[in-house]
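Only one structure is covered here, and it is reproduced in the block below.
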Amino acid sequence: MKRLAINGDQAVALSWKQVNPDFCASYPITPQTIIVEAFSDYVADGEVDTEYVCSESEHSSMSMCIGAAAAGARSVTATASAGLAFMWETLYIASSMRLPIVMTVANRALSGPINIHCDHSDAMGARDSGWIQIFGENVQEAYDNSVMSFRIAEDLRVRLPVMNCLDGFIVTHAIESLQPIETEDVKKFVGEYNALLPLLDYKNPHTYGPFDMPEVYFEHKYDQAMAMLEAKTVIMEVAAEFEKLTGRRYGFIEEYKTEDADFVAIAMGSTAGTMKQVVDDLRAEGLKVGCIKVRVFRPFPYEEISKAVKGKKCVAVMDRALSIGAAGPLFADVCSAEMCAADAKSPKIVNFIYGLGGRDVNVEDLKKVYRAMIDGSAHKVNYLGVKK
């Protein structure tokens, strides 16, 4: 296709049009409204077969997507800021039911005071909800990440929902050059949707969202965690295939002039693009600096980050969100990556997950924590008491 002058929201809507999902539920909220407005035009003009529903709230939008996905439909939606916060309960339900919903989030500050402009507090508030989170630097990446999200979410090794995050107004409304993919190539790349245990298959009835007692709840959460780890493999496989199709390369992170850098800054979203210009300017002054863009925030790329910052004199982590009472969320994860790869003089720091859903923890369980530390069998992340 020819290059287009287009903004980020329109680019996402175009990708949806090319994929032609089965179902879309929407509620308008700035700065994502252009996405669902543009896509609703495609629906009204008969350019897609999508069942489009205007809901009365963001909570309802995600609830409808959950129902549609459970019934066997490829489902999409979009939101921002308070809209994502209003989905809070249903975000966990979508991921716990292992429904491959694709949602674009136009990152915007959360009130109060009321503010409609960009920061990452909305997505950071949802970072533990079990959704894969991918951040785009510009309009091209917003489009590309949207196309890849379907493949990632629907892979049977993953079956988790995906948030395609783009900076509000900075990427959503800025008009940039976009190189779209031919529609037939998009359809071939994404593939036909294969529903897994759909509710509408009445000859093979299944239950979604049953009540979990402590005897089984932990195991279901453990399965989600394992799927998120498996997503790392799938994300890179999809990226490799996408590169063959388009020539555009994507990974968990993108390093820019870091090889010989003594000082490195880490950022997500549009700031990463600005940082590259800063690096060029300071390099011209003879300063050995570089930057790293974190593209995939969940699953977090611990190994990739640790390797990229090894041997640097100082690393600045840029958080576009405030974790009141603690350091920024990206900073915390980067520090965790470094702690897990610390040198011999530093203590090995490991994590134990326990007690989910009311699962009892007793003296013998806790003794296992110390024994695992002493005999060296503890992994970076451990699950105490889960029945594997």
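The single condition from (1) surrounded by fewer than 15 Cβ atoms within 10 Å (Cβ to Cβ); (2) over 24 Å from SER15 (Cα atoms); (3) not aromatic (Phe, Trp, Tyr) that ASN194 fails is (2). Taking (1) open to solvent by 50 Å² or more (accessible area, probe 1.4 Å); (2) polar (S, T, N, Q); (3) in a helix (DSSP H, G or I) in turn, THR207 satisfies each apart from (3). The residues on offer are VAL264, VAL234, and the sole one that is part of a helix (DSSP H, G or I), open to solvent by less than 70 Å² (accessible area, probe 1.4 Å) and touching a residue at least 12 places away in the same chain (Cβ under 8 Å) is VAL234. Please find, within segment 242-254, the residue that is least open to solvent (accessible area, probe 1.4 Å) out of those that are under 15 Å from SER149 (Cα atoms) and touching a Phe, Trp or Tyr at 6+ places or on another chain (Cβ under 7 Å). The extreme case among them is PHE242. Considered as a group, the residues in segment 267-287 that are in a helix (DSSP H, G or I) and acidic (Asp, Glu) include one that is most open to solvent (accessible area, probe 1.4 Å), and that residue is ASP281. A single entry from GLU254, GLU241, GLU259, GLU215 fulfils the requirement of being in a helix (DSSP H, G or I) and either touching a strand residue (DSSP E or B) at 6+ places or on another chain (Cβ under 8 Å) or without any contact (Cβ under 8 Å) to a residue 12 or more places away in the chain (or both): GLU215.
The values are calculated or read from the model by the stated rules, or taken from the named source; none is laboratory data. Computed from a predicted model, the values in this text were never measured in an experiment. Note that we place each Cβ from the backbone using ideal geometry, even for glycine, and neighbour counts take in every protein chain shown. Surface areas here come from the heavy atoms of the whole protein model, side chains and all, with no ligands, DNA or RNA. Shrake-Rupley method; radii C 1.70, N 1.55, O 1.52, S 1.80 Å.
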